[in-house]
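A.B. asks: Have a look at the structure that comes next, please.
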Amino acid sequence: MTPSTQSAPRGTLTTVELIWIEKRIEHRIRFGRPAQEMIIDERRRVLGFVPGSIFAFVRWVANDFGTIASRIDIVRAVLPGEPYQTLPHIRPGGEILLKIAGWDKVERVLKLIDAIERIGFDPVEAAPDHWRQAHNRLVAGGTPRAYSLEQHRAFLLRKRATS
């Protein structure tokens, strides 16, 4: 186990199992700040996220004929005792902010993440409501709104006012 980058009791972490088997399975974190990492073997790792942290989990599976599944989930790690939804490879689960399947839609989410990074923000810091609206619009066949500096400022003000 590598040293923690953040301090949190082990039992409070949300863990994500990452798998990589060349040309077959790829589970990876697109963004997020893991507090712990445990390397199981050359193909598997487990990352731990502190409660309240947000991360993007990408899963891709292929067979001899090409990609058979691709998905992205943007999740907020929950506090002990807080309600949560379950997801494969995430223990115990988390608050799902965005859950998208199918390469075309996954690619659109990855472009949204890239756009947030281009304007100078870490996607971890983006307003959770942004991911929810992106989810809802993509599921409905629409186009998600781009994240903006004004939206980020409003989120920070709301966050400061409620804490």
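The values are calculated or read from the model by the stated rules, or taken from the named source; none is laboratory data. In this text the structure is predicted, and so the values were computed from the model without any measurement. Because the Cβ atoms are built from the backbone with ideal geometry, glycine has one as well, and the counts that use them run over all protein chains shown. Side chains included, ligands, DNA and RNA excluded: accessible areas come from the protein's heavy atoms. Shrake-Rupley method; radii C 1.70, N 1.55, O 1.52, S 1.80 Å.
A.B. asks: Could you do me a favour and compute the accessible area per residue for segment 87-127, 1.4 Å probe, result in Å²?
C.D. replies: Working: 1930 Å² over 41 residues.
With the other protein chains kept in place, segment 87-127 gives 47 Å² per residue.
A.B. asks: So what is the 222 nm mean residue ellipticity for the chain from helices alone, if each DSSP H run of at least 4 adds -39500 (n - 2.57) and you divide by all residues, rounding to the nearest 500 deg cm²/dmol? Mind showing how you got there, number by number?
C.D. replies: On the way: 3 runs with 42 residues, N = 163.
After summing the helix terms and dividing by the residues of the chain, the value is -8500 deg cm²/dmol.
A.B. asks: Determine, from the Cβ-Cβ distance of ARG24 and LYS111 and an R0 of 30 Å, the FRET efficiency 1/(1 + (r/R0)^6), rounded to the nearest 0.05. Don't skip to the answer; put the middle values down first.
C.D. replies: On the way: r = 25 Å, r/R0 = 0.84.
Calculated transfer efficiency: 0.75.
A.B. asks: Continuing with the same structure: Would you look at the GNM of the chain, springs on alpha carbons closer than 10 Å, and say which of GLU82, GLU107, GLU125 moves the most?
C.D. replies: For the chain, modelled as a Gaussian network with Cα springs under 10 Å, the answer is GLU82.
A.B. asks: Between THR12 and ILE40, what FRET efficiency comes out of the Förster formula 1/(1 + (r/R0)^6) with R0 = 35 Å and r the beta carbon distance, rounded to 0.05? Let's see the in-between values first.
C.D. replies: Working: r = 21 Å, r/R0 = 0.60.
That pair, ILE40 with THR12, gives E of 0.95.
A.B. asks: With a 1.4 Å probe and every protein chain left in place, tell me how much accessible area GLU37 has, in Å² to the nearest 10.
C.D. replies: Ignoring ligands and nucleic acids, GLU37 comes out at about 50 Å².
A.B. asks: With an 8 Å Cα cut-off and a minimum separation of 6 or more residues, compute the relative contact order for segment 19-157 in percent. Working shown, then result.
C.D. replies: Details: 228 pairs, mean separation 23.2, N = 139.
It comes to 17 percent, rounded to a whole number.
A.B. asks: How much length would be gained if the chain were fully extended between ALA62 and LEU156, taking 0.36 nm per residue of separation minus their Cα-Cα distance, in nm to one decimal?
C.D. replies: On the way: separation 94, 0.36 × 94 = 33.84 nm, distance 4.02 nm.
Length difference between fully extended and current span is 29.8 nm.
A.B. asks: Among ARG24, ARG132, ARG33, determine the one that fluctuates most according to a GNM of the chain built with springs between C-alpha atoms less than 10 Å apart.
C.D. replies: ARG24
A.B. asks: Specify which labelled value, from (i) 0.99; (ii) 0.94; (iii) 0.97, agrees with Rg/Rh (Cα atoms, Kirkwood Rh) derived from the coordinates of the model shown.
C.D. replies: (iii)
A.B. asks: List every residue whose amide H lies under 5 Å from the amide H of ALA35, counting only residues 5 or more places away in sequence or on a different chain, with H placed 1.01 Å from N in the peptide plane.
C.D. replies: GLY48, PHE49, VAL50
A.B. asks: Taking the Cα-to-Cβ direction at SER148 and at ASP104 and moving 7 Å from each Cα, how far apart do the two end points lie in nm?
C.D. replies: Reported label-point gap for SER148 and ASP104 is 2.8 nm.
A.B. asks: Further, regarding this structure: Under 5 Å between amide H atoms, partner at least 5 residues away or on a different chain: which partners does SER53 have, H built in plane at 1.01 Å?
C.D. replies: ALA77
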